[in-house]
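Enquirer: For reference, the structure I am asking about is given below.
The values are calculated or read from the model by the stated rules, or taken from the named source; none is laboratory data. Worth saying up front: this structure is predicted, and the values here are computed from it rather than measured. A quick note on method: Cβ atoms are made from the backbone with ideal geometry, for glycine too, and the neighbour counts reach across all protein chains shown. In case anyone asks, the SASA skips ligands and DNA or RNA and just uses the protein heavy atoms, side chains included. Shrake-Rupley method; radii C 1.70, N 1.55, O 1.52, S 1.80 Å.
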Amino acid sequence: MGYNVVVVGATGNVGREMLNILAERHFPVDKIAVLASRRSIGTEVSFGDKTLKTTDLDTFDFAGWDMALFAVGSEATKTYAPLAAKAGCVVIDNSSLYRYDSEIPLIVPEVNPEAIHDYAKKNIIANPNCSTAQMVVALKPLHDRARIKRVVVSTYQSVSGAGKEGIDELWDQTKSIYNPTDNKPPRKFTKQIAFNVIPHIDVFMEDGSTKEEWKMVAETKKIIDKSIKVTATCVRVPVFVGHSEAINIEFEDFLDEDEARDILRESPGVMVIDKREDGGYVSPVECVGDFATFISRIRQDSTIDNGLNLWCVSDNLRKGAALNAVQIAELLGREVLKKG
């Protein structure tokens, strides 16, 4: 006996990846529905060896469905997620709409699985921001050992984090640079993304940070520990898929780099590849399609008493979005619904 599962936004990058991962991980599906906006009705999407046609989100009845994985923007989520939740269908939402609601759990299953039991307050569970998800997987086991005081993180975020438009813009601009008659000015991004980096993701806030940077701060506190101080600089880079992060961590207690390496090797969802030689680390192109969060370049920071540096890489469409949502669905089934 399996679950009746809905994927909302099934034609987008994350929605398609959700379907791929549900199939890859053999999630116990009894029935599945794939929904899209009216302009995408009838679009075919793959689910394992099956081809499914999308139906209209606007007229869909969520009654009788166990869970809905939402991969649409905040505006559509604001309209349809409460309808699904009210109908008894548990919503797992990938947008930013509910992440900071105190009555809605924000979950990374390797980090705070116990929060799953708070879902019933509103029948909604929030999925964190892509840049936060991979970072907290790395931070939590180290925090359990030595308690983190402060994190300084610089991100190198791929264009797929901005959706299909971001991917298309990098592709088209890269080609146009080699063709002087084919100019492709920025549309999705604020500056040229091909052969460039842009220190600006999401909107600017009053204190000069961007909302992407604020998300990393607020979400890390909610998921791990509100006492952790976090400062972030988020940068868009000309990479198609895979977010990278340079993370500096200050602990309350001393943590040796060798012990940190051993802790991370034993931690769920983490793969340590850390050899001090040419190529002995992971870059974003190598993480594409993988479930793991990869950690490299673990080393002591000699400028503070209890500091470590590390390099963190993950497929942002997977752990940063679709994989984490499916892992939440697995956790919900295992701990609460218990049908599969």
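Enquirer: Would you mind telling me the share, in percent, of accessible area of region 206-314 contributed by carbon and sulfur at probe 1.4 angstrom?
Expert: Carbon with sulfur: 48 percent of the solvent-accessible area.
Enquirer: Further question on the same structure: Go ahead and set up a Gaussian network model of the chain, Cα springs under 10 Å, then flag whichever of 224, 177, 249 fluctuates most.
Expert: Looking only at 224, 177, 249, the largest GNM fluctuation is found for 177.
Enquirer: Only Cα pairs under 8 Å and at least 6 apart count here; give the relative contact order of the chain as a rounded whole percent.
Expert: On the way: 760 pairs, mean separation 62.3, N = 340.
Relative CO of the chain lands at 18 percent.
Enquirer: With springs only between Cα atoms under 10 Å, which of 274, 101, 56 fluctuates most in a Gaussian network model of the chain?
Expert: Its mean-square fluctuation being the largest, the pick is 101.
Enquirer: For 205, 135, write out the residues from largest to smallest accessible area, computed with a 1.4 angstrom probe and no ligands counted. Numbers along the way, then the final one.
Expert: On the way: 205 70, 135 0 Å².
Listed by decreasing accessible area, they come as 205, 135.
Enquirer: Excluding ligands, DNA and RNA, what is the solvent-accessible area per residue of region 184-227 at a probe of 1.4 Å, expressed in Å²? Can you show the working numbers first?
Expert: Details: 2690 Å² over 44 residues.
Using a 1.4 Å probe on heavy atoms only, each residue of region 184-227 averages 61 Å².
Enquirer: Arrange the residues 3, 178, 98 by how much accessible surface each exposes, largest first, with a 1.4 angstrom probe.
Expert: Values: 3 5, 178 170, 98 30 Å².
Ranked list, largest accessible area first: 178, 98, 3.
Enquirer: Let me ask something else about it. What distance in nm lies between label points placed 7 Å from Cα along the C-beta direction at residue 23 and residue 59?
Expert: The modelled label-to-label distance comes out at 2.7 nm.
Enquirer: Round to the nearest 0.05 the FRET efficiency obtained for residue 178 and residue 240 when R0 = 25 Å and r is the Cβ-Cβ distance. Could you put the intermediate results ahead of the total?
Expert: Numbers: r = 18 Å, r/R0 = 0.70.
It comes to 0.90.
Enquirer: Still on this structure, please answer the following. For the chain, rounded, prolate or oblate, judged on the Cα gyration tensor with a ≥ b ≥ c (square roots of eigenvalues), a/c < 1.5 rounded, else prolate if a/b > b/c?
Expert: oblate
Enquirer: With every protein chain kept in the model, how would you rank 147, 25, 265 by accessible area, 1.4 Å probe, largest at the top?
Expert: Numbers: 147 100, 25 75, 265 120 Å².
Descending accessible area places them as 265, 147, 25.
Enquirer: Which of the pairs 53/339; 121/229; 53/175; 86/338 have their Cα atoms more than 31 Å apart in this structure?
Expert: Table pairs above 31 Å Cα-Cα are 53/175.
Enquirer: Now, a different point. Ignoring everything except DSSP H segments at least 4 long, calculate the 222 nm mean residue ellipticity for the chain; use -39,500 (n - 2.57) per segment, divide by total residues, nearest 500. Walk me through the intermediate numbers first.
Expert: Values: 8 runs with 93 residues, N = 340.
Value at 222 nm, helices only: -8500 deg cm²/dmol.
Enquirer: Only helices at least 20 Å long along their own axis, judged from Cα atoms, and with Kyte-Doolittle mean hydropathy of -1.0 or greater: name those in the chain from DSSP H. Let's see the in-between values first.
Expert: On the way: long enough: 130-146 (25 Å, 0.24); 163-177 (22 Å, -1.05).
Span-like helices in the chain: 130-146.
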